[in-house]
Amino acid sequence: MSKEYQSAVRLCEVLYDLCGVLLDDTKLYLIENRVGGLMREMGFKTYDQLADAAKRSDAASIRDSLVDALTTNETYFFRDQQIFAGLSNHLVRQIEQDARKSGVRPKLRIWSAASSTGQEIYSVLFTLANAIDSLDAWDITLLATDVSPAAVAQARAGTYADHEVTRGLPVALRDKFMTQTKSGWQVLPQWRNRITFAQHNLINDLSGGTRFDVILCRNVTIYFDAKTRKRVFEKLTQRMLPDGYLFVGGSETLLDLGDAYKPYRLGSAVCYRPQLHEPVSPPAVAPTAGLGLSGSKLFSQFKG
Ligand SMILES: C[S@@+](CC[C@H](N)C(=O)[O-])C[C@H]1O[C@@H](n2cnc3c(N)ncnc32)[C@H](O)[C@@H]1O
């Protein structure tokens, strides 16, 4: 085994300790591609030097740069469209119906828990804004977090290059929610301000007491091993309302959690719900029929 290989493996171990992302032998080539620039910028000659520096207690900015460089931030607007259709055609309608019956202000709390550069949470916001007559009449909490500070900074700024905007965002939505800038597009401040952005590492506990109706934790646990995946989903479970909905990526699973969650259909979107819910087929006639008990129970969670 070459010294350089061993040194690259050590850097991968540092990344694993930092955020649970596992770069195995098949991914080692990413090290060279992604940290070369960072090493030159910081004056490190070997991966060992970078690994040692990242371990120093006063080296938070080196750790942040390493995480920025080595995490995969691939994302795009309306990735898996059925999720957004499920939210607008089913969940929103159910909450509205329950609000009409109870006379209580409709409430919805959504957390995009590995939000990358923000396309996911903006897709949620644009969906809600189009599905709901007056967002201000609702009590809506939108939180977007990611471990990568650079990704969070872009999400918070809401700035996108042309090629990012053309990936999944219909022109009509772009023109409604964004303005053109010299280098691309930016989400208008009145929309950006509706979202809270923060750096958060999924292997840690989330601060604050909010529990969410919907958690999106998509296309991130594919980078974790089974142990980390289990730990992360257990933490997410603690932050979810008992009647909540958890969305994972198309190639991800909650099998590691045993029967803590059951698959559930929200329209044609598959999500997971805490196990008190039996799996339900897509509604045959009325768009809200598939929610059964959950809608009204969900709404009652919101009181207070
Ligand atoms: C491939 S992107 C997925 C983005 C979006 N959820 C989607 O599905 O389009 C994965 C994101 O997970 C983030 N990530 C990796 N490890 C994390 C951790 N321990 N805590 C929070 N975010 C993490 C990465 O920084 C990256 O932005």
Next item on the list: Using Cα positions and a limit of under 21 Å, work out the lysines in reach of residue 3, with same-chain residues fewer than 8 apart set aside.
Entry: 27, 45, 55
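Report, for the chain, the % of DSSP beta bridges that are antiparallel, rounded to 5.
On the way: 13 of 31 bridges.
Here the share of antiparallel DSSP bridges comes out near 40 percent.
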Notebook entry, point to check: Whose amide H sits under 5 Å from the amide H of residue 240, counting only residues 5 or more places off or on another chain, with H placed in the peptide plane?
Noted result: 212
Check: Could you give the dipole magnitude of the chain about its Cα centre, charging the beta-carbon of Lys and Arg +1 and that of Asp and Glu -1, in debye to the nearest 20?
Finding: 720 debye
Checklist line | Inter-part distance where the range 125-149 and the range 155-230 are each reduced to a Cα centre, Å | finding: 11 Å
Margin query: Could you list 134, 61 so that the one with the fewest beta carbons within 10 Å of its beta carbon is first and the one with the most is last?
Written below: 134, 61
Checklist line | Those trypsin sites (Lys or Arg not before Pro) in the range 24-110 that DSSP places in a loop and that have at most 10 other beta carbons within 10 Å | finding: 45, 56
Margin query: Taking each pair of distinct Cα atoms in the chain once, what is the resulting Kirkwood hydrodynamic radius in Å?
Written below: 20.6 Å
Next item on the list: Go ahead and estimate [θ] at 222 nm for the chain from helices alone: -39,500 (n - 2.57) per DSSP H run with n ≥ 4, summed, over the residue count, rounded to 500.
Entry: -12000 deg cm²/dmol
Checklist line | the chain: most fluctuating residue of 104, 165, 232 per GNM, C-alpha cutoff 10 Å | finding: 104
Check: Taking residue 227 as the anchor, which lysines have their alpha carbon closer than 17 Å to its alpha carbon, excluding any fewer than eight residues away along the same chain?
Finding: 235
Next item on the list: State the answer as a single residue: which of 237, 209, 247 lies farthest towards the positive end of the charge dipole of the range 209-258, with beta carbon charges of +1 for Lys and Arg and -1 for Asp and Glu, about the Cα centre.
Entry: 209
Checklist line | Hydrodynamic radius of the range 132-278 per Kirkwood, over alpha carbon pairs, in Å | finding: 17.3 Å
Check: residue 230: which lysines have alpha carbons under 16 Å from its alpha carbon, excluding same-chain residues fewer than 8 sequence positions away?
Finding: 262
Next item on the list: Would you mind checking which residues have amide H under 5 Å from residue 220's amide H? H placed 1.01 Å from N; only 5 or more apart, or other chain.
Entry: 249
Next item on the list: Could you tell me how many degrees, from 0 to 90 and to the nearest 10, lie between the Cα long axis of helix 3-19 and the main elongation axis, the longest principal axis, of the Cα atoms of the chain?
Entry: 30 degrees
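Quick note: the coordinates plus some simple rules give every number you see, no bench work behind them. Small disclaimer: the values here were computed from a predicted structure and weren't measured. Neighbour counts are summed over all protein chains in view; Cβ atoms, including those assigned to glycine, are modelled from backbone coordinates with ideal geometry.
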